[in-house]
Amino acid sequence: MIRPVSVLEVYTYELVIIHESYKLIAERAAKLAAPTAVIGVDIMAKDFTQPANHDNYIVLEANSGPAITGHQYPSYGKAVDVVASYR
């Protein structure tokens, strides 16, 4: 079945423990976009539970309009309170 590209389906999953090194990377990337109040940083990694190193992750983007509502109201899966899970 071919779906129109305008359809957005968001899936959420159980939260996993992300290694602290990725939080530090996201914070550094977000500082580059300062003074914006809320920054979304997209990181792709081989395994978020392992420490970041030069060959197992990449920062895809940092943007000032992160779409966190898809996590709170997913098409499928459990809702995740992104803000509360960060604290």
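The values are calculated or read from the model by the stated rules, or taken from the named source; none is laboratory data. A quick note: this is a predicted structure, and the numbers were derived from the prediction, not measured. Note that we place each Cβ from the backbone using ideal geometry, even for glycine, and neighbour counts take in every protein chain shown. Remember, those area values only see protein heavy atoms, side chains included, never the ligands or the DNA or RNA. Shrake-Rupley method; radii C 1.70, N 1.55, O 1.52, S 1.80 Å.
Collect the residues in the range 56-78 that are of a type in the set (Phe, Trp, Tyr) and either loosely packed, with under 11 Cβ neighbours inside 10 Å or more than 12 Å from Ser21 (Cβ to Cβ) (or both), keeping them in residue-number order. Selection gives Tyr73, Tyr76. Return the pairs, sorted by first residue and then second, in which the second residue is open to solvent by less than 50 Å² (accessible area, probe 1.4 Å) and of a type in the set (Val, Ile, Thr), the first residue lies in the range 62-79 and is free of Cβ contacts under 8 Å to residues at least 60 places away in the same chain and on the phi < 0 side of the Ramachandran plot, the beta carbons are less than 6 Å apart, and the residues are 6+ apart or on different chains. Here the result reads Ala62/Ile39; Ala62/Val41; Ile68/Val82, each pair linking the range 62-79 to a residue that is open to solvent by less than 50 Å² (accessible area, probe 1.4 Å) and of a type in the set (Val, Ile, Thr). Scanning the range 8-55 for residues that are closer than 23 Å to Val80 by Cβ, open to solvent by 80 Å² or more (accessible area, probe 1.4 Å) and either assigned to a loop (DSSP other than H, G, I, E, B) or at pLDDT below 85 (or both) gives Leu8, Tyr11, Tyr13, Glu14, Leu15, Val16, Ile17, Ile18, Ala37, Val38, Lys46, Gln50.
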